[in-house]
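The values are calculated or read from the model by the stated rules, or taken from the named source; none is laboratory data. Because the structure is a prediction, the values reported are computed rather than measured. Here the Cβ is made from the backbone with ideal geometry for all residues, glycine too, and neighbour counts use every protein chain on show.
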Amino acid sequence: MSGRTLEPDVLGGAGAPDIPAVLEGRFADGVLVFTKFSEGGGHIDPIHYEGLVSTAGDEISGTWTIKADWSGTFRMQRRVVSAEKTVQREAAIRT
């Protein structure tokens with residue numbers, strides 16, 4: 001898997017620009033493993049994530065590591081989007 005993120009700079013204070021990052025990883029047997037590489041701010045070192053994807057596919061829980069120095073747990077949960085909003089978004093993309 002690969003992708004990009006844009007996250008608020010929670011350490012930069014009010015008005016700090018968002019931090020872009022590139023994601024690279026893989027998904028197999030219900031486990032998502034990926035690394036986030038910040039671009040233009042945030043952590044200099046890559047952040048490694050490993051998490052178990054829920055059977056519904058709407059939540060991932062696991063651990064993150066920066067080098068061997070820092071680590072912790074994380075939980076990502078997909079926002080519930082109504083069918084109407086999904087249709088509106090898809091229509092906007094097509095036009």
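Some observations on this one:
- If you go through region 1-22 and pick out every residue that is surrounded by fewer than 11 Cβ atoms within 10 Å (Cβ to Cβ) and among the small types (Gly, Ala, Ser), you end up with 4.
- Identity of the residue in region 24-39, surrounded by 14 or more Cβ atoms within 10 Å (Cβ to Cβ) and among the aliphatic types (A, V, I, L, M), that ends up farthest from residue 60 (Cα to Cα): 33
- Test: residue in region 32-42 that is closer than 24 Å to residue 80 by Cα and not aromatic (Phe, Trp, Tyr): yes
- For first residues located in region 47-73 and closer than 18 Å to residue 5 by Cα and touching a residue at least 24 places away in the same chain (Cβ under 8 Å), partners that are among the hydrophobic types (A, V, I, L, M, F, W, C) and part of a strand (DSSP E or B) and lie 6+ apart or on another chain with Cβ distances below 6 Å form the pairs 49/34; 49/64; 51/32; 51/60; 60/32; 60/53; 60/76.
- Any hit, region 10-23, residues being assigned to a strand (DSSP E or B) and either out of contact with any strand residue (DSSP E or B) (no Cβ under 9 Å at 6 or more places or on another chain) or within 18 Å of residue 60 (Cα to Cα) (or both): yes
- Where residue 55 falls short, out of the listed (1) of a type in the set (S, T, N, Q); (2) in contact with a strand residue (DSSP E or B) (Cβ under 6 Å, 6 or more places away or on another chain); (3) part of a loop (DSSP other than H, G, I, E, B): (2)
- Of all residues in region 40-69, exactly one satisfies the criterion of being exposed (fewer than 12 other Cβ atoms within 10 Å of the Cβ) and either modelled with pLDDT of 95 or more or among the acidic types (Asp, Glu) (or both), namely 69.
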